[in-house]
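Colleague: Dropping the structure in here first, questions after.
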Amino acid sequence: MAFDDDVTRRGNVLSAILDWLTTGYPDGVPPQDRFPLLALMRARLTDDQIEAVAERMLSDSGDLSKIDAQVLIMKVTNELPVEADVERVRRHLEDAGVDLDWDSPQRGAA
């Protein structure tokens, strides 16, 4: 049932995006606006996906690094992670009581 809900939610989001584009560009999207629009429409992780990434990081043994978060986000989105999503994962982990120091250089990094 969760899969059906996800498909319905995605369909509603897609419909809203198409309605917005049709209203804003009744004659079609001009070529010079296509790339900026695509950049604005880049995937952002849902709250459930953020929680899943954070839980996966907690269940894995070892240090919790920013790189680990980026890799897991990339597995979910099939795209390079955006910093905003990495930050959301960090906040979720810290809210769970995990002490992170992602601003310092990673161990073993040159």
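Values in this text are rule-based calculations from the coordinates and carry no lab data. Just so we're clear, the structure is a prediction, and the values are computed from it rather than from any experiment. Positions of Cβ are generated from backbone atoms using ideal geometry, with glycine treated the same way; all protein chains shown enter the neighbour counts.
Colleague: Report the charge-dipole magnitude of the stretch 15-102 in Debye, nearest 20, computed about the Cα centre from +1 at each Lys and Arg Cβ and -1 at each Asp and Glu Cβ.
Modeller: Dipole about the Cα centre, nearest 20: 340 debye.
Colleague: Have a look at the stretch 33-99 and give its Rg and Dmax from the Cα atoms, expressed in angstrom.
Modeller: Both quantities, over Cα of the stretch 33-99: 12.9, 45 Å.
Colleague: Cut-off is 10 Å between beta-carbons; in what order do Val89, Val71, Val13 appear when sorted fewest neighbours first?
Modeller: Sorted ascending by nearby Cβ count, the order is Val13, Val71, Val89.
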